[in-house]
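Before any comments, here is the structure.
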Protein chains: 2
Amino acid sequence: MIQHRATSADDRAGTIMRAALDVALEAGYARLSIEAVAARAGVGKHAVYRRWTSKGLLFLDSILSLNEPALDYPDTGDVRADLRHQIHAAVDLLGAPPWGPLYRALLGEAQHDPAVAAGLVERFIRPQAEKTEARLRTAREQGQVSADFDLDLAMSILSGPLYFQFMITQEPVTHAYVDRVLDALFAGLGPRP
Amino acid sequence: MIQHRATSADDRAGTIMRAALDVALEAGYARLSIEAVAARAGVGKHAVYRRWTSKGLLFLDSILSLNEPALDYPDTGDVRADLRHQIHAAVDLLGAPPWGPLYRALLGEAQHDPAVAAGLVERFIRPQAEKTEARLRTAREQGQVSADFDLDLAMSILSGPLYFQFMITQEPVTHAYVDRVLDALFAGLGPRP
């Protein structure tokens, strides 16, 4: 009985999260409201508020429920090839629906709602940063990354230019662009000795 | 007579823009609406709509009207010192009211409204990118930047990590952080030859 009720609650949560994504994709994030999601899911407003205290937190859960590729780094022994592989996968996600426009809307909401920003970092950005750091640590031990490189900065240096293009210039982010960025980051801005 | 009317229209625009900034700072961007701004400015809604078609475009104009430091690069002959100087100025702006929270709200709106994103790039980001590129071109000619460095990437590589910290992790952006980033970018990730 308890089992059955738990499953039913999970089903309902899934229905609500799918409804949130549908509303955001079809009507745009500005039209997303708890009321609109409840209507779309065929449940009462209170069923939504019982689980989510704001539309931003509902939207965060909904996007993370998509279970997109975990963006893991392969380890082929060639760190630049592995970084390229992983960043190309990220670019493919960002460049197309549903993930691209949904993620952009989430990043927008994170600028207005600190709870959304904190949830995003804890559940998506920090795990990514840890994977990036781990892959670069191995590469550093193998002499493929400079012994001086500050691993704490790995995520922001590698992802920063990608997010800059996605959020600020909003020009298409292509494989060619991230390849050029990787080449420039490995070579460094300083003159060769 | 025409002169007088023009001045009066400019005065009114200034009053409206100041009201928009006040509402955003005091009530938060979510509460910013054309109605709230009109009420605060003591004008009718139509006076606002006559000049601005959306709250996002009004907010963009209002922020740019603040005439914050132009973030020009000095040219002391030492490119790393000059970059550090300019990026510290940007960090100081981002780290404190009114510019910091207002700019964050604007970047959030730019994720939802393509017209705001386009206006921001045209009027603020692209001029910054051109200054950055020009300063690095001079440095490249003087042998302070690698001859291979891809100048087109200068803005996204230098600013990306700053925006990543500001918008994504939302941890405080400090002088020490950008100094570490600059050091890492000049050294490059690749092993020393």
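A few notes on this one:
- Some residue of segment A:141-148 being crowded, with 22+ Cβ neighbours inside 10 Å and either more than 7 Å from chain B (Cβ to nearest Cβ) or of a type in the set (Phe, Trp, Tyr) (or both): no
- Members of segment A:45-96 found to be among the acidic types (Asp, Glu) and either within 18 Å of A:Phe124 (Cβ to Cβ) or without any contact (Cβ under 8 Å) to a residue 60 or more places away in the chain (or both), listed by number: A:Asp61, A:Glu68, A:Asp72, A:Asp82, A:Asp92
- Number of the condition not met by A:Gly100 [criteria: (1) farther than 25 Å from A:Ser156 by Cβ; (2) modelled with pLDDT under 95]: (1)
- Residues that are at pLDDT below 95 and small (Gly, Ala, Ser) were ranked within segment B:15-32; the one that is farthest from B:Leu107 (Cα to Cα) is B:Ala27.
- Check on B:Gly160, out of contact with any helix residue (DSSP H, G or I) (no Cβ under 9 Å at 6 or more places or on another chain), without any contact (Cβ under 8 Å) to a residue 40 or more places away in the chain and within 7 Å of chain A (Cβ to nearest Cβ): no
Here's the yes/no breakdown for (1) within 30 Å of A:Val91 (Cα to Cα); (2) assigned by TED's automatic domain parsing to the domain that holds A:Pro98; (3) surrounded by fewer than 17 Cβ atoms within 10 Å (Cβ to Cβ):
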| position | (1), (2), (3) |
| --- | --- |
| A:Gly28 | yes, no, yes |
| A:Ser33 | yes, no, yes |
| A:Ala38 | no, no, no |
| A:Gly42 | no, no, yes |
| A:His46 | no, no, yes |
| A:Arg50 | no, no, yes |
| A:Ser54 | yes, no, yes |
| A:Leu58 | yes, no, no |
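- Of everything in segment B:100-120 that is hydrophobic (A, V, I, L, M, F, W, C) and surrounded by fewer than 18 Cβ atoms within 10 Å (Cβ to Cβ), the residue that is nearest to B:Leu182 (Cα to Cα) is B:Ala118.
- The condition (being at the interface with another protein chain (Cβ under 9 Å from one of its Cβ atoms) and over 20 Å from A:Ala24 (Cβ atoms)) is satisfied by just one residue among A:Gln128, A:Gln165: A:Gln165.
- Any hit, segment B:2-12, residues being closer than 29 Å to A:Pro114 by Cβ and either modelled with pLDDT under 95 or surrounded by 12 or more Cβ atoms within 10 Å (Cβ to Cβ) (or both): no
- Conditions (1) under 20 Å from A:Ala38 (Cβ atoms); (2) without any contact (Cβ under 8 Å) to a residue 60 or more places away in the chain; (3) not in a loop (DSSP other than H, G, I, E, B): number failed by A:Val121: (1)
- Yes/no for A:Asp72 being under 14 Å from the mean Cα position of the chain (by Cα), of a type in the set (Asp, Glu) and part of a helix (DSSP H, G or I): no
- Inclusion of A:Val91 among residues that are among the β-branched types (Val, Ile, Thr) and farther than 24 Å from B:Asp113 by Cβ is not warranted.
- When A:Arg31, A:Arg18 are checked against the criterion of being over 12 Å from A:Leu102 (Cα atoms) and free of Cβ contacts under 8 Å to residues at least 12 places away in the same chain, A:Arg31 stands alone in meeting it.
- Options B:Ala115, B:Ala154, B:Ala134, B:Ala176: the member that is facing chain A (nearest Cβ under 10 Å), aliphatic (A, V, I, L, M) and part of a helix (DSSP H, G or I): B:Ala154
- Among the residues of segment A:75-89, those identified as outside any loop (DSSP other than H, G, I, E, B) and surrounded by fewer than 19 Cβ atoms within 10 Å (Cβ to Cβ) are A:Arg80, A:Ala81, A:Arg84, A:His85, A:His88, A:Ala89.
The values are calculated or read from the model by the stated rules, or taken from the named source; none is laboratory data. In this text the structure is predicted, and so the values were computed from the model without any measurement. When we count neighbours, we look across all protein chains shown, and the Cβ atoms used for this are built from the backbone with ideal geometry, even at glycine.
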